[in-house]
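The values are calculated or read from the model by the stated rules, or taken from the named source; none is laboratory data. As the structure is a computational prediction, the values presented were derived from the model and not from experiment. Quick reminder, even Gly has a Cβ in these numbers, built from the backbone with ideal geometry, and neighbours come from all protein chains shown.
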Amino acid sequence: MNIRITQRIAPIVPHLLALACYTLLALVVTFPLVLNLGTRVVANEPGQTDAFLGVWNVWWTAQAITDLRDPYFTPLLFHPQGLDLFWQTLSLPQGLLALPSPCCSAPCLPTTCCCSPRMCLVATSCFCLRVMCW
């Protein structure tokens, strides 16, 4: 019985180890972020990408899906007509990940909570593809 369990777990161990290493690396790379989850965002300095646009995109996507609206149109911008967000850098997967967080909490929280796990999952996926292909 012990040998069967070991044989089943052995192929998974490198992947779990890679996930743990990439999680630790993501926390180190974004270190001050983990201490200020609800109040800070990544790339908020002048000359960097517009971080608050990303916060708004995640908030609007979660809000629109919660209210059963089209996330690619918002009546909140250009008031009488509304605005088509088709060409906007709207992040639907990140908005879907933000759904479990309450929409009334700090608006930066869903965006910053998705940052490190996204880095970990992308790096682990690349590791898995490399192991499978070579």
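For residue 104, the stated conditions do not hold, so it cannot be described as surrounded by 14 or more Cβ atoms within 10 Å (Cβ to Cβ) and modelled with pLDDT under 80.
Listed here are the residues, each with its yes/no results for (1) modelled with pLDDT of 75 or more; (2) closer than 30 Å to residue 11 by Cα.
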site: 24; (1), (2): yes, yes
site: 49; (1), (2): no, no
site: 53; (1), (2): yes, no
site: 58; (1), (2): yes, no
site: 68; (1), (2): yes, no
site: 78; (1), (2): yes, no
site: 112; (1), (2): no, no
site: 127; (1), (2): yes, yes
